[in-house]
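A quick write-up on the structure given underneath.
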Amino acid sequence: MSIGSAVFLGLVVLALVYGVVTYNGLVQLKHNIAKAWANIDVLLKQRHDELPKLVEVCRQYKQFEQETLARVTEARARVAKAREAHDVPALGAAENLLRAGLGQIFAVAEAYPELKANEHFMQLQTRITALENSIADRREWHNESVNLHNVRIEQFPDLIVARMFGYTEQPLLQFSVTEKADVDLKALFTA
């Protein structure tokens with residue numbers, strides 16, 4: 001075997017090893033995104049189950065704003081639909097509506113001392129606050145996983161392997177800046 005053939009064979013082996021290592025790294029990133037989404041999904045389901053209880057407790061107070069409760073119920077349905085479809089952009093938009101509605105419920109509850117004193121309402125408020133904090137943490141991890149994936153598939157030479165195997169950019173789970181500024185749920189929940 002000539003030196004040229006040995007060098008060529010070495011380069012081919014090196015390229016194959018690089019391709020396998022890069023592919024395995026992309027697979028790991030893809031599964032990290034799926035795992036992060038699954039964690040968010042579990043928390044969204046748990047919160048989804050708590051919201052009807054909260055709405056029902058509020059409905060017991062006849063004067064409580066029915067329009068606010070209807071908005072929360074509608075937003076809850078939108079979140080569920082987007083979550084089931086794994087539609088990340090739609091989930092972000094639906095989350096904005098839901099978070100705004102929850103903020104309104106807790107803000108309006110301030111005007112109802114009997115409701116604020118209700119033990120079941122306080123338990124639900126604490127539970128939903130904990131779920132909101134967990135969702136925020138998991139969303140951060142999800143977005144970090146998505147960001148690592150998106151950067152990796154755009155970097156040369158990894159983009160060659162990524163394109164060969166059909167890896168595409170994944171969307172971040174984002175809430176609008178105006179909603180974050182308008183509705184500070186932590187402040188409302190602890191008020």
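The values are calculated or read from the model by the stated rules, or taken from the named source; none is laboratory data. This is a predicted model, so every value here is computed, not measured. Ideal geometry is used to build each Cβ from the backbone, glycine not excepted, and the neighbour counts take in all protein chains shown.
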Of the conditions (1) within 22 Å of ARG83 (Cα to Cα); (2) touching a Lys or Arg at 6+ places or on another chain (Cβ under 8 Å); (3) modelled with pLDDT of 90 or more, the single one that ASP158 does not satisfy is (1)
Hand me the list of helices (runs of 4 or more DSSP H) wholly inside segment 85-184 holding 1 or more residues that are without any contact (Cβ under 8 Å) to a residue 40 or more places away in the chain and surrounded by 14 or more Cβ atoms within 10 Å (Cβ to Cβ).
88-109, 113-117, 119-154, 158-164
Checking the conditions here, which among ARG47, ARG76, ARG71 is in a helix (DSSP H, G or I), closer than 19 Å to ILE128 by Cα, touching a Leu at 6+ places or on another chain (Cβ under 6 Å) and without any contact (Cβ under 8 Å) to a residue 60 or more places away in the chain?
ARG76
Inspect segment 23-41 for any residue being of a type outside the set (Ser, Thr, Tyr), more than 19 Å from HIS142 (Cβ to Cβ) and either at pLDDT 90 or above or not in a helix (DSSP H, G or I) (or both) and give the result as yes or no.
yes
Out of (1) more than 29 Å from LYS30 (Cα to Cα); (2) modelled with pLDDT of 90 or more; (3) not hydrophobic (A, V, I, L, M, F, W, C), what's the single condition that is false for SER134?
(1)
Residue among ARG76, ARG59 that is buried (at least 17 other Cβ atoms within 10 Å of the Cβ) and of a type in the set (D, E, K, R):
ARG76
Quick check on segment 62-74. Is at least one of its residues of a type in the set (Lys, Arg), within 23 Å of the chain's Cα centre (by Cα) and under 27 Å from ALA162 (Cα atoms)?
no
